[in-house]
Each structure stands twice: as structure tokens, then as C-alpha cells.
Amino acid sequence: MQSTTLLQSPPAQSRNTVGFLSFDQVSKSFPTPKGPYPVLENVNLTIEEGEFVCLIGHSGCGKSTLLSLVSGFQQATSGSVTLKGEPIREPGPDRMVVFQNYALLPWRTVFENVYLAVNAVWPKQPEAQKRAIVREHLAMVGLTEAADKRPDQISGGMRQRVSIARALAIRPEVLILDEPFGALDAITKEELQEELLKIWTDHRCTVLMITHDIDEALFLADRLVMMTNGPAAGIGEVMTIPFDRPRDRVQIMEDPQYYELRNHALDFLYNRFAHDDD
Amino acid sequence: MVTSTRTRLQSRPKSVVSSIQEFWQKQGAGLLPPILGIAAFLIVWQVFSWSGLTRLPGPLSLWTEQRTRELLLYPFYDRGGLDKGLFWQTLASLGRVAKGYTAAAVVGISVGVLVGTNDWLNKATYPVFQFLRMVAPLAWVPIALVALQQNQPAAIFVIFITSVWPILINTTEGVRQIPEDYNNVAKVLKLSRKDYYLNVLFPSALPYIFTGLRIAIGLAWLAIIAAEIVMSGIVGIGFFIWDAYQQNYISEIILAVIYIGGVGLLLDRLIAFLQSKIAPARK
């Protein structure tokens, strides 16, 4: 693979391409007393089914807004966000979110938190089957033992695992993660990255994930979307990450391309789109 | 100390004296200040009434006067009509409070949930509710009497209207304070209404609802006394006070006031106990 093909210039896809998940001329602004405040402007991006895409950019660049357009919590001011050709109008379990603060219900046990999601999506399934799905996914993230604990009795890393198990248990078409490992210590973070990658390899759902960590993106993603600074942020560059899967952290870090890509991303973030006020 | 350790070593059954001693050793530090405080209060009151500065009888009169001594010793007597022991008087008042308060809890919580989940409704009802909750319990009495024509339903209505506001307003606030994250989970999962209420709304708003319920039980008890004083001719601790005042049995009033305070304290503890069982405080 030649490095010139790795770095795509801003997406030059034709506007009529219907991808699995696509942003077509998407702009989003919020009304303020001083008139509309543009957050995103002219975002074009097509994501294929089963792709793992990471988003990176400085705080305030509208990454979370971009994700909330996919999860359906917000609507684009102009342009369209479509999943399998259908415009996204409201939140739904086919685009499940792993929230930044885990968003587990503190008055329900780990098991009940996941069960609530499974039961909401398949209310008519037999009870035994729903419970089996919950157990299977808790086992997948290594939390069988903690099933009857409440969220405040387990660690942050375990909570994030529950949140991921809850999200995957309902078989979403798109998994949306908003900086899922930001609050975790380095070791827990690496463990969870590996688990997430393994689960994704087995399930192959489409993943859209915000991160602040370039190494995390290089380890996980097929493509890294780098965003320009707000207001009126857009996609600055999309970097394809060429490492073969399954990936091994040590192995890819020995690859000379790794540093080339890493430096390129760093250059984007800290030179070309340096944040002026921090 | 020495004796109690010795008895334990010999594993003999503990005597009453030594178990009291043990209890005092454990709890004494916490119990002493309130006991001394109450004693000082009673002494000051007694001295004040002996000094002749006031017509108010001292606490000792509860025992020295024959009427109150009888009321104190026989709370369960019933000579028919309004001539009943203080237990029956209190029970009659409590019965009214139970009815009015239950209605207030049902209406307050359901309307609170409705208003809390609907921003438009919240804005529309805010001024009315804030206005109505400022109306004192006693001011509702004539309105209730005119509207309902009879003492008994009017008394219950006064309880209801006094205690419904804190429940309603706290429930509304509790629903509005549900963390955005939990609502987002409910939205993305498209939780059914029932699942949302049981798993998100009620558990999240419960501490607020209980705050409202606790404020309301105190208000309800205050209101029934006020209401009964105005509504003549019913069995109840409030009217009992009014009756005693009319006949100048001042010690009886003091005795009734002690009953009222005690019952109020018990009601508050009851709701606090329910709260600790149903919605324990979270870390």
C-alpha cells in the first residue's frame, strides 16, 4: 500500500451515492439570541456497512453534534443524514448509543439494566430467551459475576462494559460511542479497546466512535475522520488506516506506517487546525 | 461496670438493673442532652406559672387537676356524643387526615407527573398553583363549608387542599430533574410508557416525591386542628381544644396540645421510615 493512497482529500463522493450511512451536505446550527450559531457546515461522509469509523477533533468542533444527528437526538438544519437510504428522524434502538457517562440506571442491577433494553426491543420474545441474551452479553464483557450488583457497586471500567453489553445485546445496525474510554485509566482502557475490537470482529456492526486519542483510533478504526475547528466545523480529512485485521497492538506500533499516520494526524490537530484558545 | 462484666463471665441471665446500666452506657451520651433540655423547659414553664405572671397553668397541673388527670389516665373512655377519651378524639382527627392526605398524595403525584412531563402544561399551571398554595388552611375553611355544606367532607377537603401543593410541586420538580442521560436511554430504546414510568421516572423522582409527602403530612396535621376548631360539634382533637377553651379548662388544652405534638412527630417519623424503606438515600 502506498502512503499516497492512504490519505484521502476531503470526501469527493458524488452527492447521489447512497451508502449505508451517509451525510449529504449536512449543516447544523443552533438558534441563539444573537442569531443562528453554526456548529456543522457542509458535512459529506459515507460510511459502509460494518465499517469502524473514529472521529477526532478539538473540543467544540461538533463531533458530538454529528453523532447526535445519527442517533436522532438532533436533526440537521439542512442536508440529510440517511441510514440505508432512509432519513433519520428520531432516536431508535437500531442506532444504539454508548453514552459518555455510561447512563446506567442506578436503581437497577447490571442484569436489569441490560434486560430493560432487550425487553424494550423484543417485548414478545419468551422470557427465558431474553434472559439468555442478557447473560450471553454480560459473559461477553466478562461481567457474569457482577450481574446482580448495582452500578454504584462496580468500577468505572465495569460500568462501561455494562453499557457496551447493553448496546450490543439489542443488535444495533450502528453502534455509536461518544468518547467511551475517556474517563478510564490506561490499562482498563486498553483492555476495553481490545474487547470492543473482538466483539466488533464477531458481530460486524457499523461503529461510529468519538475519541481524543490518536493511538486508540489507529488501533481500532478503518477510517479516521478529522474535523476542523468550530464554529461551522466540517470534515478536514479522512484518513484510511490500512493495518490488517485482526490487529495486534504491538505489531502495528512496529509498523513504520503507524508513525507516519500518527504524525499526520498530530500535524492536522496541532499545526493545521491548532486550537487558538487552549 | 464490674458487676456487669462478672455476670457475663458467669453467663447468668442479666438482671434488669445491669441491662439498664448497659443501655445507658451505650446511649447515655446521645439521650442526656434532650432529657435535660425537656426538663429545663418544663421547670422554666412551671416556675413561670407559679410566679403569677400568667394565667397559663404549669405542667404539673396536668396531674393536679382532676379533669386532666382523668383524661390522662383514661384515654379510651367513651360516654357517647362528643364526650370521648383523647384516644378517640385523636383517632377521629387522624381518620380525617388519612382520607384527605391519601387523596392529596394520589392527586398530587399524578398531576405532578403530568405537569412535570409536559412543559406547556407546567408553564400554564405554574401561576395558578403558586397562587393557590399560598392560601392558608384556615382561609379554605369557609370556602369548603360553602362549597360542600357539611362539616365532615369540608374538613377532609381542607386537609386535601393544604397538603396537595407540596406533593404536587415536588413531584413536578422531581420529574423535571430526571437526568438527561436517563431520558436519552429511554428515547433510544423507545421504552414503553409503562417501562419508562417504572424504570426511569418514578425511581428518579421518588426522593423529591417523598420530600413533598413529608412536608405535606406535617401540613395536613396542622390543618386538621385548625379546621376542627372552626367546625363546631365534631369529635376530634381540634374541636376538643376549642371546647375546652370555651369552658375555660386550660389544662385540657395543654394536654391536647401535647397529644397533637406527639402525633405530629409520629406521623413525620412514619413517612421518614417509609422513605428509608422505599427510596433509601443514594451515595
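The values are calculated or read from the model by the stated rules, or taken from the named source; none is laboratory data. Everything numeric in this text was worked out from a predicted model, so none of it was measured. Note: ideal-geometry Cβ built from the backbone for every residue, glycine included; neighbour counts use all protein chains shown.
Table for the structure above
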quantity	calculated
Scope region B:140-185; condition free of Cβ contacts under 8 Å to residues at least 12 places away in the same chain and of a type in the set (Gly, Ala, Ser); matching residues	B:ALA147
Region B:41-60, subset among the small types (Gly, Ala, Ser) and either in contact with a Gly (Cβ under 6 Å, 6 or more places away or on another chain) or under 20 Å from B:TYR259 (Cα atoms) (or both), residue surrounded by the fewest Cβ atoms within 10 Å (Cβ to Cβ)	B:SER49
Among the residues listed as A:VAL141, A:VAL70, A:VAL110, the single one being away from chain B (no Cβ under 12 Å), surrounded by 19 or more Cβ atoms within 10 Å (Cβ to Cβ), in contact with a Lys or Arg (Cβ under 7 Å, 6 or more places away or on another chain) and under 19 Å from B:VAL185 (Cα atoms)	A:VAL110
Given (1) within 29 Å of the chain's Cα centre (by Cα); (2) surrounded by fewer than 21 Cβ atoms within 10 Å (Cβ to Cβ); (3) within 14 Å of chain A (Cβ to nearest Cβ), number of the condition B:GLN150 does not satisfy	(3)
Selection from region B:247-283 of residues that are modelled with pLDDT of 90 or more and among the basic types (Lys, Arg)	B:ARG269
Residue that is nearest to the chain's Cα centre (by Cα), among those in region A:73-82 that are surrounded by fewer than 21 Cβ atoms within 10 Å (Cβ to Cβ) and either touching a residue at least 60 places away in the same chain (Cβ under 8 Å) or part of a strand (DSSP E or B) (or both)	A:THR82
Region A:98-107: number of residues that are in a loop (DSSP other than H, G, I, E, B) and either at the interface with another protein chain (Cβ under 7 Å from one of its Cβ atoms) or among the β-branched types (Val, Ile, Thr) (or both)	6
Residues located in region A:159-181, provided they are of a type in the set (Val, Ile, Thr), in contact with a strand residue (DSSP E or B) (Cβ under 8 Å, 6 or more places away or on another chain) and part of a helix (DSSP H, G or I)	A:ILE164
Helices (runs of 4 or more DSSP H) wholly inside region A:205-269 that include at least 1 residues being touching a Pro at 6+ places or on another chain (Cβ under 8 Å) and in contact (Cβ under 8 Å) with a residue 24 or more places away in the chain	A:256-267
Near pairs, Cβ below 6 angstrom, 6+ apart or cross-chain, from region A:86-97 (within 7 Å of chain B (Cβ to nearest Cβ)) to any residue that is of a type in the set (D, E, K, R)	A:PRO91/B:LYS187
Subset of region A:45-98 (residues that are among the basic types (Lys, Arg) and under 30 Å from A:PHE243 (Cβ atoms))	A:LYS63, A:LYS84, A:ARG95
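This table checks each residue for (1) surrounded by fewer than 20 Cβ atoms within 10 Å (Cβ to Cβ); (2) farther than 28 Å from A:ALA76 by Cα; (3) under 21 Å from the mean Cα position of the chain (by Cα).
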residue: A:GLU216; (1), (2), (3): no, yes, yes
residue: A:GLY230; (1), (2), (3): no, no, yes
residue: A:MET239; (1), (2), (3): no, no, yes
residue: A:PRO242; (1), (2), (3): yes, yes, yes
residue: A:ARG245; (1), (2), (3): yes, yes, yes
residue: A:HIS264; (1), (2), (3): yes, yes, no
residue: A:ASP267; (1), (2), (3): yes, yes, no
